[in-house]
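Step one of this worksheet: look at the structure below.
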Amino acid sequence: MFLENKINNENKKGWIEVVVGSMFSGKTEELIRRLKRAKIAGQKVEIFKPGTDTRYDEEDVVSHDNNSIRSTPVDNSNNILLLTADTEVVGIDEAQFFDAGLPEVCNTLANQGKRVIVAALDMDFAGKPFGPMPNLMAVAEYVTKVHAICMRCGDLAQFSYRKIKSEDLVLLGEKDEYEPLCRKCYNEANSDINIEN
């Protein structure tokens, strides 16, 4: 039995898929879609999210379109390793809020033959790379960048513009606090703020 399990694990091919974009771009929707398809295929799936993200639900991962899937909130990325022993597919939502160890955790899972699917913001409200995401995208086999629609001009949006004044890096919010903007509208909105100050 042990030898059979060892052979099966050696034949499994693991990889990392990352879905990134601005707020309201459909990242979580895409994560849920991929995970539900894996479940339909009869694969063992576990989903994780940061314990701090309780906007829609304490446990479920929920998209802006109210699509949801059961998840396990965790406080740091190492906890994911402890909870995925018999898992074939690991989903991670809002990965930008995790610690710097997340890329190593995802690599470990992929090296164990698991499919790892991660959804996250790639940039913070200031347009800077967010948390562990640059390192995670660098080691991923597949990176999908999804776009929202600019709320000011209708073009493709890749920036999450913060509409309220706060310098906090992490400020959980929704449409009252953030809007997706294209590069031109994002730069104009930021120059308007600088003129007011």
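Tabulated data
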read-out	value
Label-point separation, Asp99 to Glu29 (7 Å along Cα→Cβ), nm	3.4
Built amide H within the under 5 Å cut-off of Thr144, gap 5+	Val18, Val19, Val20
Residue-wise HN-Hα coupling along the range 145-154, computed from phi with Karplus coefficients 6.51, -1.76, 1.60 (Hz; x: Gly, Pro)	9, 9, 10, 8, 10, 4, 6, 10, 10, x
Residue pairs, from the table Lys44/Lys114; Lys13/Lys44; Lys44/Lys145; Lys13/Lys114; Lys12/Lys145, whose Cα atoms sit over 19 Å apart	Lys44/Lys145; Lys12/Lys145
Phi-based couplings in Hz for the range 31-38 (Karplus 6.51, -1.76, 1.60; Gly and Pro marked x)	4, 4, 4, 5, 5, 5, 5, 5
Net length gained if the chain between Cys153 and Asn76 were fully extended (0.36 nm per residue, minus Cα distance)	23.9 nm
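The numbers here are math on the coordinates, done by the rules we state, and not lab data. Predicted model, so just to flag it, every value in this text is computed and none were measured. Cβ atoms come from the backbone with ideal geometry, glycine included; neighbour counts cover every protein chain shown.
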